[in-house]
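Below is one structure, written out as structure tokens; comments come after it.
A short reminder: the numbers here are calculations on the coordinates, not readings from a lab. Quick caveat: nothing in here was measured; it's all calculated off a predicted structure. So basically every Cβ, Gly included, is an ideal-geometry build from the backbone, and we count neighbours across all protein chains shown.
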Amino acid sequence: MGKKQSGSAEKKPAEKKGGNTKNTDKGDQSEGKAKGGLKAATAVNVRHILCEKHSKATEALQKIQEGQRFDKVAQEYSEDKAKAGGSLGWMVRGSMVGAFQDAAFALTPSTVDKPILSPLVKTNFGYHVIMVEGRR
């Protein structure tokens, strides 16, 4: 009872449901979560590989799934200005095209050597393979 929870413990008895599993953060954030249990983010640190042709994008995706680093495959296959390993940097919600944004915000952060990838995402620019390095 010595913990301070900014006075919300008395107002919300539902928080006690978790017992003493130390998940007070999760209880407060539950409305702001995206699908898959990720906390809502306003920006993602995203990398992608952009290919005009579906076959080339599929080939790039296959290379990564075989164990090649995302940044190396991006340098070889990507056809856009993000040649630096496919990095687009921090992108905020609303600054990306619809399908790309939906895929980027649905991904769990991962690293270039063990990336968690999106399936191919089709936009007016071409086909994207997307990975996310961070969320905030």
- Query: Which residues, counting only those in the stretch 62-109, are surrounded by 16 or more Cβ atoms within 10 Å (Cβ to Cβ), small (G, A, S) and either over 14 Å from I130 (Cα atoms) or free of Cβ contacts under 8 Å to residues at least 60 places away in the same chain (or both)?
  - Reply: A74, S78, A82, G85, G86, S87, A103
- Do the conditions hold for S118, that is, is it among the polar types (S, T, N, Q) and either touching an Asp or Glu at 6+ places or on another chain (Cβ under 7 Å) or crowded, with 18+ Cβ neighbours inside 10 Å (or both)? yes
